[in-house]
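The values are calculated or read from the model by the stated rules, or taken from the named source; none is laboratory data. What you are looking at is a predicted structure, and each value in this text was computed from that prediction instead of being measured. Counting neighbours? That spans all protein chains shown, and the Cβs are built from the backbone with ideal geometry, glycine included. These area figures cover heavy atoms from the full protein model, side chains too; ligands, DNA and RNA do not enter into them. Shrake-Rupley method; radii C 1.70, N 1.55, O 1.52, S 1.80 Å.
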Amino acid sequence: MLHIIQNDPEVPPGNIIDHLSISHVVHHPYRDGLLPEPEQISALIVLGGSMGANDDHLHPFLGDLKNLIIKIEASRTPYLGICLGGQLLAAALGAEVASNRWEELGTLNITLTQEGKADRLFSGIPELFGTFQWHHDSFDIPAGGVLLASSAACPHQAFRMGESAWGLQFHPEVTEQIIRDWCSWDRSKAARTEELVAAFKDEAGSYHATAGQFMKNFLTAALE
């Protein structure tokens, strides 16, 4: 079964749910601290959150989640980490996750590397494509990892560990409502709500198609 970890009550799976064709369950460890056992998991998606990947002292479940990620990656179980989920993959495998570096906000293009163009998660996705970005932190690539995508402001947009664990910096799951909810978090973002939503809506068709292709590719890996 596919398991999804929601780390934050305001960072839901969004449009990921629309693209699922297999059984799944969503966990809420921010609420109850509970995580699935590794043997229950045929594939794992870890979502974003407002906390940092190393904020274990504030969110104790993060330590347990990183231990779970280590086991999932070692067992070659398909893993997809989105924003914080990608940062948690990097941190769990010994790479630095830095704050206030390479920050991005809004609808921005990223470019696949040569390795990214050949990677199965990005199969059918253009070399240059639009993404929604909302991050203050960013990950380094763990030893042995492969850089798959970059942007002008953030050179580490996606990476792969082994054959089946991927970390993304961007947010393929967002919807207009999620963006509006996130903009309400502080006054400076609230003032830009309509700007950020308009830019997202201008790319909505291609953006939704890209998100669907991501999930199709990931689920193909999960069902192998």
task: Might you tell me the accessible area per residue for the chain, computed with a 1.4 Å probe and given in Å²?
output: 43
- line: The Cα radius of gyration of region 182-224, divided by 2.2 N^0.38 Å with N its residue count, comes to 1.67
task: Using a cut-off of 13 Å between beta-carbons, work out the net charge of the residues near Ala98 (Lys and Arg +1, Asp and Glu -1, Ala98 not included).
output: -3
- line: Counting Lys and Arg as +1 and Asp and Glu as -1 over every other residue whose Cβ sits under 13 Å from the Cβ of Ala190, the net charge comes to 0
field: Listed values (1) 15; (2) 33; (3) 42, entry calculated as percent of Cα pairs over 30 Å apart
entry: (1)
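Just flag the trypsin sites (Lys or Arg not before Pro) in region 156-194 sitting in loop per DSSP whose Cβ has no more than 15 other Cβ atoms within 10 Å.
Sparse-neighbourhood loop trypsin sites (Lys or Arg not before Pro): Arg192.
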query: All other residues with a Cβ under 14 Å from the Cβ of His24 taken together, and with Lys, Arg as +1 and Asp, Glu as -1, what is their net charge?
result: -2
message: Could you sort the peptides 32-38, 65-71 by per-residue average Cβ neighbour count (10 Å cutoff), highest mean leading?
response: 65-71, 32-38
message: At 1.4 Å probe size, with the rest of the protein present, what percent of the exposed accessible area of region 78-151 is carbon and sulfur atoms?
response: 48
query: Given the C-alpha centroids of region 25-62 and region 82-158, what is the distance between them in whole angstrom?
result: 20
task: Tabulate in residue order the Karplus-calculated ³J(HN,Hα) for region 89-104, using 6.51 cos²θ - 1.76 cosθ + 1.60 with θ = phi - 60°, rounded to whole Hz; enter x for Gly and Pro.
output: 4, 4, 5, 4, 9, x, 8, 6, 10, 9, 8, 6, 9, 6, 5, 9
